[in-house]
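*Asks:* Here it is, the structure in full.
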Amino acid sequence: MWSSKSLGSSFQHAFFRWLVRLRLIPAARLLLYPVSFYYALRPDVRKRYRPYLRHRFGTASPARELRRTAVAYKHFADVLLDRMIVGCGGSVTVRQNEHTLSALRAALSEGRGCLLVSAHFGSWQLGLLGLETLGRPMALLQFVDKEDVDKHYFQVDGQRHDVRVINSRDGMAAVIAVCDTLRNNGIVCMMGDRMTPQDKEYVTVEFLGDAVRLPAAPYILASLTGAPIVHTFSVRENGAILGLPGTLTKVPNDVRRDRDALCALAQDFMAQVERLTERYPFHFFNFYDMWEHDDGQD
């Protein structure tokens, strides 16, 4: 079962934040190796990542599974450290993809805002960096857990970055906030690859050979508001965050009544994610069994 509760403790986050504020970033990077390996040694951590590894690579020996888990957690730790660096006033190299920026400009030119839909892949945590050049209000729709000690880069040392966080747990208030941002021709960012306790409607699609459930909310919201969707992804490579080519998607009106169209939209999104995992197999960060369904409904 997925949970948004942070794996690291408040002390661990505070310690790395202290290193970053002292500009001891090389030391923090070095420490990520033993920290990542420590977590990979924990059976509960390997259990969380095992379903993805088995779907991506097949069954492996315990030693190979340990190595793969450690590599993935090191990549994930680098993403979290990058986010902390930016939040503490530092900088990282970000290269937004021109194709994605063009798709966003085209979407915003319609005057209905844009839904930016991504996945827990690569450097999604910093995917908004560089988009401020578009000059539009930005909001992040997410499920906020009170036990989650992770902070976005725009939440660490004051609101230097003008990004509004909308908590999906707020129900109708969250829907109103999303619509308000879109009405102002803004960008609403959300994740499309993970069900949360607030998601009541879902679609079933194929991912790495088996069925997974995805939230239907991005496509229903786009259908109701007329806002286009841009699927966008980024990855950390050679010390820089690289934006990958995004795709502009128009959602038909009243798509909720057309399950085939709804499933096709979600399947296209997840097919993009699957192609990314082929190229970057250790940059997919859904640490739970996406393929397990509790209630038997499909």
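The values are calculated or read from the model by the stated rules, or taken from the named source; none is laboratory data. All figures in this text were calculated on a predicted structure; none of them were measured in a lab. For neighbour counting, all protein chains shown are included, and Cβ atoms are generated from backbone atoms with ideal geometry for every residue, glycine included. Heavy atoms of the whole protein, side chains included, go into the accessibility calculation; ligands, DNA and RNA do not. Shrake-Rupley method; radii C 1.70, N 1.55, O 1.52, S 1.80 Å.
*Asks:* Only residues that are closer than 16 Å to Phe284 by Cα and either among the β-branched types (Val, Ile, Thr) or free of Cβ contacts under 8 Å to residues at least 12 places away in the same chain (or both): list them for segment 211-236, please.
*Replies:* Those that are closer than 16 Å to Phe284 by Cα and either among the β-branched types (Val, Ile, Thr) or free of Cβ contacts under 8 Å to residues at least 12 places away in the same chain (or both): Val212, Thr232, Val235.
*Asks:* Of the residues that make up segment 86-107, is at least one touching a residue at least 12 places away in the same chain (Cβ under 8 Å), open to solvent by less than 20 Å² (accessible area, probe 1.4 Å) and outside any helix (DSSP H, G or I)?
*Replies:* Within segment 86-107 (the criterion being touching a residue at least 12 places away in the same chain (Cβ under 8 Å), open to solvent by less than 20 Å² (accessible area, probe 1.4 Å) and outside any helix (DSSP H, G or I)), the answer is yes, since at least one residue qualifies.
*Asks:* Scan segment 52-66 and report the pairs whose first residue is under 18 Å from His283 (Cβ atoms) and whose second residue is among the hydroxyl-bearing types (Ser, Thr, Tyr) and part of a helix (DSSP H, G or I), with Cβ atoms within less than 8 Å and a gap of 6+ or a chain change.
*Replies:* Qualifying pairs under 8 Å: Leu53/Thr69; Arg56/Thr277.
*Asks:* Further question on the same structure: Please name all residue pairs, on different chains or six or more residues apart, with Cβ atoms under 6 Å, provided the first residue is in segment 194-210 and is under 26 Å from Val144 (Cα atoms) and the second residue is of a type in the set (Ser, Thr, Tyr) and open to solvent by less than 30 Å² (accessible area, probe 1.4 Å).
*Replies:* Every condition considered, the pairs that remain are Gln198/Ser168.
*Asks:* From the list Ala63, Ala70, exactly one residue is open to solvent by less than 30 Å² (accessible area, probe 1.4 Å), hydrophobic (A, V, I, L, M, F, W, C), more than 22 Å from Val212 (Cβ to Cβ) and assigned to a helix (DSSP H, G or I). Which is it?
*Replies:* Ala70
*Asks:* Okay, next question. Has segment 255-267 got any residue that is at pLDDT 95 or above and either within 26 Å of Phe57 (Cβ to Cβ) or hydroxyl-bearing (Ser, Thr, Tyr) (or both)?
*Replies:* So far as segment 255-267 goes, yes, one or more of its residues are at pLDDT 95 or above and either within 26 Å of Phe57 (Cβ to Cβ) or hydroxyl-bearing (Ser, Thr, Tyr) (or both).
*Asks:* When the residues of segment 108-134 are narrowed to those that are part of a loop (DSSP other than H, G, I, E, B) and among the charged types (D, E, K, R), which ends up surrounded by the most Cβ atoms within 10 Å (Cβ to Cβ)?
*Replies:* Selected residue: Arg112.
*Asks:* Filtering segment 29-60 down to residues that are part of a helix (DSSP H, G or I) and among the hydroxyl-bearing types (Ser, Thr, Tyr), which residue is farthest from Gly127 (Cα to Cα)? Break it down into steps so the answer makes sense when it comes.
*Replies:* Filtering segment 29-60 down to residues part of a helix (DSSP H, G or I) leaves 29-41, 43-57.
Those left that are additionally among the hydroxyl-bearing types (Ser, Thr, Tyr): 33, 36, 38-39, 49, 52.
Working: Tyr33: 24, Ser36: 23, Tyr38: 28, Tyr39: 26, Tyr49: 23, Tyr52: 23 Å.
For segment 29-60, the residue satisfying everything is Tyr38.
*Asks:* Here is a list: Glu147, Glu206. Which entry is more than 18 Å from Leu224 (Cα to Cα) and modelled with pLDDT of 90 or more? It would help to see each step written out before you state the result.
*Replies:* Numbers: Glu147 fails: modelled with pLDDT of 90 or more.
Just a single option satisfies the conditions, and that option is Glu206.
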